[in-house]
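The numbers here are math on the coordinates, done by the rules we state, and not lab data. From a predicted model like this one, the values you see are computed outputs, not experimental measurements.
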Amino acid sequence: VGNYKRTVKRIDDGHRLCNDLMNCIHERARIEKVYAQQLTEWAKRWKQLVEKGPQYGTVERAWCAFMSEAEKVSELHLEVKGSLMNEDFEKIKNWQKEAFHKQMMGGFKETKEAEDGFRKAQKPWAKKLKEVEAAKKAYHAACKEEKLAISRETNSKADPALNPEQLKKLQDKVEKSKQDVLKTKEKYEKSLKELDNATPQYMENMEQVFEQCQQFEEKRLRFFREVLLEVQKHLDLSNVASYKNIYRELEQNIKTADAVEDLRWFRANQGPGMSMNWPQFEEWSADLNRTLSRREKKKASDGVTLTGINQTGEQVSQPNKHSSSLSVQSNTVQSVQSSYNPFEDEEDTGSTVSEKEDNKIKNVSSYEKNQSYPTDWSDEESNNPFSSTDANGDTNPFDEDTPPAMEVRVRALYDYEGQEQDELSFKAGDELTKMENEDEQGWCKGRLDNGQVGLYPANYVEPIQ
């Protein structure tokens, strides 16, 4: 009695399982969306880097083919996300709404119908079972009383002090208890027989309600199987023709990379095959007198102008910094800093790849494809670009012995207005962070508290004690 509640509970579980399946699909759709966004960001960032970097020719196109692959795959994963949410998620939601009907007082109509059906089918049989239990209890009590009366009678026969009248009472008690046993036994057997006769009808009624619950659950199970198959089709990109074409096209683009062709192009455009501009005699003309740029003027005067000095002090002659030829992402470009490993595991902070890599973008390549090279030359050892440095005139980017720069908090002694885009502006008394030590020209690299990074004259600040 009451065990039908497990079957009734299954109806509520079915509604809850619909919610679980929707949450499962929703989480997968969110993963697909995030992956698609990261692919797009990765492709955009690296496409810019490769196009601006030193790689050229067919190998550059083959490299860029990976970014095109990422963009196309990103679109496919966004389609997967859309299918999961717009088709599968909505399908479960609508089916759940149609299959389960909420009541005003709470719970579901289907649950109440099953509960009432089982209770109605079980009530007559449960009533007879209760009568059987009562008859059984009365019969067992009569048997116990009979045994006790017989024991008293037997003991009294051996007691000479007991008079005949008392013995007669004990014998009557035994006789009465025997009649009670027979009476209760008959009633017990009768109620049990009635219960047995009612059992087939009880089984039939209970099974009828149970089959209704089975049919309701069968609909849910078949629906879940149908939805899961559709989810599988949406997730399985291996059967999508466009997905296969992406990698077939990627393979073809990589195979078109031709080292001989690239070397021939480089020879014709950057080597001996390029058009030459040999020096020729030129007459002097006033129109040809070029105007020095502001930075060249500063270099020529070999000094900087202090503006808005709020503190007395000896003005130190300050040579200006050299302008960096790589002005897109960084002011002072080093090849690859040993303090940054691009393959280290990123902390799961929830930020996207581009946010983490933006500040490290300067570490990717040592120079840009269209970088201009100085035409000045000298036979002095100090100006030889090939003496103890790499081809770009910088230190070995893979030298692990080079310690990373220590950041130091400094305070501005004077006002300074940045003269170039890569210079900082600050007022006397402002605090900032020195990121790199003073270079040969007397410039430091620092970061303001608002996050702006740039250069400033080293003698305009002092360390904060």
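With coordinates expressed along the principal axes, the C-alpha atoms belonging to segment 132-285 extend over 165, 41, 36 Å, beginning with the largest.
Quote the convex hull volume per residue of segment 156-237, based on C-alpha atoms, as a whole number of Å³.
Values: hull volume 13.1 nm³, N = 82.
Spelled out: Cα convex hull of segment 156-237, divided by residues, is 160 Å³.
For LEU413, the residues 5 or more places off, or on other chains, whose built amide H falls under 5 Å of its own are GLY429, VAL461, GLU462.
Filter LYS44/LYS445; LYS5/LYS178; LYS168/LYS193; LYS5/LYS233; LYS97/LYS120; LYS127/LYS178 down to the pairs with a C-alpha to C-alpha distance above 32 Å, please. Write down the numbers at each step before the final one.
Values: LYS44/LYS445 28 Å; LYS5/LYS178 43 Å; LYS168/LYS193 38 Å; LYS5/LYS233 37 Å; LYS97/LYS120 28 Å; LYS127/LYS178 29 Å.
The answer is LYS5/LYS178; LYS168/LYS193; LYS5/LYS233.
Seen from a random direction on average, the alpha-carbon convex hull of segment 108-207 projects onto 8.3 square nanometres. Our summary gives segment 1-144 a relative contact order of 34 percent, counting only alpha carbon pairs under 8 angstrom and 6 or more residues apart.
Taking amide hydrogens as placed 1.01 Å from N in the peptide plane, the amide H of GLU423 sits under 5 Å from those of LEU455, each at least 5 positions away in sequence or on another chain.
Any idea what the relative contact order of segment 407-461 is, in percent, if you count C-alpha pairs under 8 Å spaced at least 6 apart? Working shown, then result.
Numbers: 116 pairs, mean separation 19.1, N = 55.
Relative CO of segment 407-461 lands at 35 percent.
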